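Inspection log for the structure reproduced underneath, given as structure tokens.
The values are calculated or read from the model by the stated rules, or taken from the named source; none is laboratory data. A quick note: this is a predicted structure, and the numbers were derived from the prediction, not measured. No Cβ is skipped: glycine too gets one built from the backbone with ideal geometry, and neighbour counts run over all protein chains shown. Each accessible area value is taken on the protein alone, full model and side chains, heavy atoms only, with ligands, DNA and RNA left out. Shrake-Rupley method; radii C 1.70, N 1.55, O 1.52, S 1.80 Å.
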Amino acid sequence: SNMLELQGVTKHYNAGKPNEVQVLNGVDLTVKKGEVVALVAPSGAGKSTLLHIAGMLDTARSGRVVIDGTDVTGLDDTARTAMRRGQVGFIYQFHHLLPEFSALENIVLPQLANGVSQRDAEARALKLLTSVGVEARADHRPAAMSGGEQQRVAFCRALANRPALLLADEPTGNLDPATSDRVFEALMKVARDEGLAALIATHNMELAGKMDRVLRLDNGVLVPAT
Ligand code: ADP
Ligand code: ADP
């Protein structure tokens with residue numbers, strides 16, 4: 001089944017002004033459950049814009065966005081926020097973990113906010129930490145972990161509330177190649193285990209090549225990368 005569908009999505013910035021820029025020019029995309037898709041393009045091509053529209057953080061000028069069968073294009077802000085909290089996990093280049101909380105707490109807190117019990121939230125957090133190999137860091141604060149460990153914890157947090165869709169913007173961008181590989185392997189494993197649909201923007205062609213499909217953003221449209 002399709003977890004994410006974009007149809008004819010366009011986006012301009014500074015519309016009607018001299019500095020108008022058309023970033024997306026009719027983007028069509030389908031990501032199925034369990035599929036991990038790489039999004040590659042040079043800096044400034046519109047990857048972040050596309051991820052933000054797919055994740056309902058921004059709106060398209062025209063076109064349709066369908067998440068897990070729901071057309072979210074016309075939803076108001078309240079409905080979009082509810083949908084985002086329930087269905088979408090985000091990972092960025094820099095992890096944004098809460099510094100005063102442990103790894104475990106960082107994964108528990110979003111679940112408590114979603115109405116999950118402390119006990120179930122901790123069980124899920126530990127399961128996720130174990131699946132990416134950082135369970136030994138459960139009680140450590142982010143500052144006491146390596147960059148690769150922090151980023152694996154950030155994956156776990158993004159997945160805490162069982163989103164249908166994972167959106168990642170250069171998730172291994174600030175890691176050295178070996179660490180980046182390890183973090184990526186962890187991401188792929190969790191994505192498979194959880195049956196996630198994932199769209200991952202990266203500059204790293206080697207990592208992109210390990211995903212199910214590689215798409216390039218070229219003049220505002222998506223084309224298969226060769
Ligand atoms: P990427 O993620 O591929 O680097 P972005 O989606 O961040 O690309 O940006 C695409 C283009 O849109 C760039 O030229 C950028 O300067 C421009 N842009 C992004 N956000 C804004 C904004 N809020 N206002 C105006 N221009 C923007
Ligand atoms: P909460 O208040 O529970 O964090 P939000 O609706 O603010 O929920 O955010 C839901 C998800 O979207 C979170 O993963 C959050 O990190 C991300 N998010 C919210 N606003 C932005 C933004 N402006 N840019 C990037 N990510 C955002």
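With a sphere of radius 13 Å drawn around the Cβ of LEU98, what net charge do the other residues whose Cβ falls strictly inside it have (Lys, Arg +1; Asp, Glu -1)?
On the way: positive: ARG141, ARG157; negative: GLU100, GLU105.
Computed value for this residue: 0.
Shape verdict for the range 9-79, please, from the Cα gyration tensor: rounded (a/c under 1.5), prolate (a/b greater than b/c) or oblate. Display every interim value, and only then the final one.
Working: a/c = 2.31, a/b = 1.27, b/c = 1.83.
Note, shape of the range 9-79 comes out oblate.
If you roll a 1.4 Å probe over the heavy atoms of the protein chains, what accessible area per residue do you get for the range 83-226, in Å²?
Numbers: 6650 Å² over 144 residues.
That works out to 46 Å² for each residue.
Once amide H atoms are placed 1.01 Å from N in the peptide plane, what residues at a sequence separation of 5 or more from ARG216, or on another chain, have their amide H within under 5 Å of its amide H?
VAL40, VAL223, ALA225
Can you give the FRET efficiency to the nearest 0.05 for GLU135 and LEU98, using r as the Cβ-Cβ distance and R₀ = 30 Å?
With R0 = 30 Å, the Cβ-Cβ based efficiency is 0.95.
Can you give me the C-alpha center-to-center distance between the range 139-188 and the range 31-52, rounded to a whole angstrom?
17
What are the extents of the Cα atoms of the range 100-141 along their three principal axes, listed from largest to smallest and rounded to whole Å?
Sorted largest first, the three principal extents are 26, 23, 13 Å.
Tell me, what is the percent relative contact order of the chain, built from C-alpha pairs under 8 Å that lie six or more residues apart? Walk me through the numbers before you get to the answer.
On the way: 442 pairs, mean separation 69.1, N = 226.
Once normalised by length, the contact order is 31 percent.
Could you tell me whether the range 143-226 comes out rounded, prolate or oblate from its Cα gyration tensor? Rule is a ≥ b ≥ c as square roots of the eigenvalues, rounded for a/c under 1.5, then prolate if a/b exceeds b/c, otherwise oblate. Can you show the working numbers first?
Working: a/c = 2.00, a/b = 1.37, b/c = 1.46.
Oblate, because a/c is 1.5 or more while a/b does not exceed b/c.
Tell me, what HN-Hα J-couplings in whole Hz come from the Karplus equation 6.51 cos²θ - 1.76 cosθ + 1.60 at θ = phi - 60° for each residue of the range 95-108, using x for Gly and Pro?
Running phi through 6.51 cos²θ - 1.76 cosθ + 1.60 with θ = phi - 60° gives 6, 6, 5, 6, x, 8, 10, 6, 4, 4, 4, 4, 8, 6 Hz.
Quickly estimate the mean residue ellipticity at 222 nm for the chain, helices only: each DSSP H run with n ≥ 4 gives -39500 (n - 2.57), and the total goes over all residues, rounded to 500.
Working: 7 runs with 80 residues, N = 226.
Value at 222 nm, helices only: -11000 deg cm²/dmol.
From the Cα trace of the range 90-170, what convex hull volume per residue do you get, rounded to a whole Å³? Could the numbers behind the result be given before it?
Details: hull volume 6.8 nm³, N = 81.
It is 84 Å³ per residue.
Using Cα atoms only, what is the angle between the long axis of helix 118-131 and the major principal axis of the chain, expressed in degrees (0 to 90) to the nearest 10?
Tilt relative to the chain: about 80 degrees.
Using the Karplus curve 6.51 cos²θ - 1.76 cosθ + 1.60 with θ = phi - 60°, work out ³J(HN,Hα) for each residue of the range 167-174 in order, rounded to whole Hz, and write x for Gly and Pro.
10, 10, 10, 6, x, 10, x, 9
Can you work out the base-10 log of I(q)/I(0) for the range 39-189 at q = 0.09, 0.10, 0.21 1/Å, using the Debye formula on its C-alpha atoms alone?
-0.30, -0.37, -1.32
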